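Below: the structure, in structure tokens.
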Amino acid sequence: MDEIRAEPLEIPPGFTWSNVNIENDEECKEVYDLLTQNYVEDDDNMFRFDYSVKFLQWALTPPGYKKDWLFGVRGGKKNKLFGFISGIPVHVTVNGKQLLKAEINFLCVHKTLRAKRLAPVLIKEVTRRVNRCNMWQAIYTAGVVIPTPISITTYWHRSLNPKKLVEVGFSSLPAKTPMARHIKSYKLPENTIIPGLRPLEAKDCGECFEKLNKFLTQFKMHI
């Protein structure tokens with residue numbers, strides 16, 4: 001750790017590093033506004049994630065979270081938030097051994113600054129801050145191929161309200177498919193095939209937690 005610089009990295013003139021107090025509603029709202037207007041979107045710029053303030057506060061304040069791992073870049077006359085990145089501590093189990101690592105998420109740069117290569121600087125700065133805490137590995141996702149992954153997975157979506165998703169531009173109708181047929185293809189039966197299947201309730205969480213961990217141990221994982 002002694003070889004890791006103590007000072008933040010240099011950034012272009014007119015901008016400053018700024019820790020974000022995510023528990024403060026006003027500062028969290030700044031992050032919300034930045035994400036809803038500039039975060040991950042599709043090729044047609046029609047779909048973007050819309051995380052609520054309360055969700056962001058829940059997601060970024062786990063037990064033991066580091067306040068200086070939640071930060072961004074400010075600039076301009078109004079000291080506006082132009083970039084943000086987050087890191088939180090997570091416990092992962094690898095081959096039966098529990099390890100404390102960092103999870104990096106919500107990397108976002110304002111569209112007007114995309115050409116200034118600010119994203120790599122944010123990544124290097126969060127890496128520096130994590131390394132200063134004697135952590136040397138992180139978990140993160142990307143929309144591009146990540147070098148030397150240790151695992152890969154594929155996940156699938158099922159549309160629950162296909163008509164609404166088409167209306168808001170999240171998805172589109174397949175070629176030569178009327179809306180009625182599209183809705184029918186995703187229609188779910190009124191009753192489940194599995195007898196007794198019901199929504200999870202708060203009273204079930206303890207037992208479900210144990211059952212899930214017992215199942216995941218087959219793959220040397222647990223939560």
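Can you find even one residue in region 198-216 that is modelled with pLDDT under 85, surrounded by fewer than 13 Cβ atoms within 10 Å (Cβ to Cβ) and not assigned by TED's automatic domain parsing to the domain that holds residue 39?
no
Taking interchain pairs and intrachain pairs at least six residues apart, which have beta carbon atoms under 7 angstrom, with the first residue in region 3-20 and charged (D, E, K, R) and the second surrounded by 12 or more Cβ atoms within 10 Å (Cβ to Cβ)?
Pairs that qualify, where the first residue is charged (D, E, K, R) and the partner is surrounded by 12 or more Cβ atoms within 10 Å (Cβ to Cβ), are 5/128.
If I ask for residues that are modelled with pLDDT of 60 or more and either more than 13 Å from the chain's Cα centre (by Cα) or of a type outside the set (Ser, Thr, Tyr) (or both), which ones from region 37-46 would you list?
37, 38, 40, 41, listed by residue number.
Listed here are the residues, each with its yes/no results for (1) at pLDDT below 85; (2) among the polar types (S, T, N, Q); (3) surrounded by 10 or more Cβ atoms within 10 Å (Cβ to Cβ).
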site: 122; (1), (2), (3): no, no, yes
site: 128; (1), (2), (3): no, no, yes
site: 133; (1), (2), (3): no, no, yes
site: 140; (1), (2), (3): no, no, yes
site: 147; (1), (2), (3): yes, no, no
site: 160; (1), (2), (3): no, no, no
site: 166; (1), (2), (3): no, no, yes
site: 181; (1), (2), (3): no, no, yes
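Within the bounds of region 105-127, is there any residue that is among the polar types (S, T, N, Q) and assigned to a helix (DSSP H, G or I)?
Yes - at least one qualifying residue is present in region 105-127.
Condition first: without any contact (Cβ under 8 Å) to a residue 60 or more places away in the chain and assigned to a strand (DSSP E or B). Now tell me which residues in region 71-82 satisfy that.
71, 72, 74, 80
Can you name the condition, by its number, that residue 92 falls short on among (1) closer than 17 Å to residue 19 by Cα; (2) part of a strand (DSSP E or B)?
Failed condition: (1).
Residue by residue, here is whether (1) polar (S, T, N, Q); (2) at negative phi; (3) not in a loop (DSSP other than H, G, I, E, B) holds:
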site	(1), (2), (3)
147	no, yes, no
154	yes, yes, no
188	no, yes, no
204	no, yes, yes
209	no, yes, yes
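Can you name the residue in region 159-180 that is part of a loop (DSSP other than H, G, I, E, B) and touching a Phe, Trp or Tyr at 6+ places or on another chain (Cβ under 7 Å) and is also farthest from residue 89 (Cα to Cα) among such residues?
Among those that are part of a loop (DSSP other than H, G, I, E, B) and touching a Phe, Trp or Tyr at 6+ places or on another chain (Cβ under 7 Å), it is 169.
The values are calculated or read from the model by the stated rules, or taken from the named source; none is laboratory data. Being a predicted model, the structure only gives us computed values, none of them experimental. Note that each Cβ is placed from the backbone with ideal geometry, even for glycine, and that neighbours are counted across all protein chains shown.
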